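S.K.: Before I ask anything, here is the structure I am working with.
Values in this text are rule-based calculations from the coordinates and carry no lab data. Keep in mind the model is a prediction, meaning the values are calculated, not measured. Glycine gets a Cβ as well: all are built from the backbone with ideal geometry, and neighbour counts include every protein chain shown.
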Amino acid sequence: MCAAVPTKTAPRDFGLIGFDHVDVRVKDRAKATRYFVDQLGMDVIGEGPDHTFLLFGDQVLGLRDAKEEGSLSGIDHIALRVAEWTGLRSRVGRARVTITGEKEREDSRSLYLRGPEGLRIELVWRPDPHQHHCSHPTPMPPPAPDEGEA
């Protein structure tokens, strides 16, 4: 028997329209890139000293070097695309979501949020959502510590 579906909470209208990109940490970026290009047919659309961006359709997968010896592969952050930038910071603040950073680029604007269990979330707005100019020269800022953490 299925459990009852909980009552939906009040909507948080951040204007989410889908995923923009997902960045994952990998121990061997060259090997991971070959796999996604040769086996799955993705295209390399950008590279930097610590990352490679791959395109499939209009979605982007970012491969980032795992920072430390022995650090695990896994999700670095998820980026969710928003339809509207105007007022986003206010709407997020009213929802009591912790904003850890903000960045403006030539082709996009981003708010960085602290999600559950340390998940880093980027809300990104692009004037042309079909363009993804790999202009991230540096990784996302680390999340700010929770209030009261020692």
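S.K.: Of the residues that sit in the stretch 25-54 and are touching a His at 6+ places or on another chain (Cβ under 9 Å) and buried (at least 17 other Cβ atoms within 10 Å of the Cβ), which one is nearest to R126 (Cα to Cα)?
M.R.: The extreme case among them is F53.
Listed here are the residues, each with its yes/no results for (1) hydrophobic (A, V, I, L, M, F, W, C); (2) exposed (fewer than 15 other Cβ atoms within 10 Å of the Cβ); (3) closer than 29 Å to D28 by Cβ; (4) touching a strand residue (DSSP E or B) at 6+ places or on another chain (Cβ under 8 Å).
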residue: F56; (1), (2), (3), (4): yes, yes, yes, yes
residue: L72; (1), (2), (3), (4): yes, yes, yes, yes
residue: G101; (1), (2), (3), (4): no, no, yes, yes
residue: E106; (1), (2), (3), (4): no, yes, no, no
residue: R109; (1), (2), (3), (4): no, no, no, yes
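S.K.: Among the residues of the stretch 85-100, what is the count of those that are of a type in the set (K, R), in a helix (DSSP H, G or I) and over 24 Å from D128 (Cα atoms)? Steps first, answer last, please.
M.R.: Step one: of the stretch 85-100, the residues of a type in the set (K, R) are 89, 91, 94, 96.
Filter once more, keeping what is in a helix (DSSP H, G or I): 89, 91, 94.
Okay, now just the ones that are also over 24 Å from D128 (Cα atoms), so 94.
The number of residues fulfilling the criteria is 1.
S.K.: Could you please let me know if L72 is assigned to a strand (DSSP E or B) and of a type outside the set (S, T, Y)?
M.R.: On the way: assigned to a strand (DSSP E or B): no; of a type outside the set (S, T, Y): yes.
For L72, the condition - assigned to a strand (DSSP E or B) and of a type outside the set (S, T, Y) - is not met.
S.K.: Now, a different point. Output yes when any residue across the stretch 10-23 is farther than 27 Å from S90 by Cα and outside any loop (DSSP other than H, G, I, E, B), and no when none is. Full working, then the answer.
M.R.: Our first condition is that a residue be farther than 27 Å from S90 by Cα; within the stretch 10-23, this holds for none.
No - not one qualifying residue is present in the stretch 10-23.
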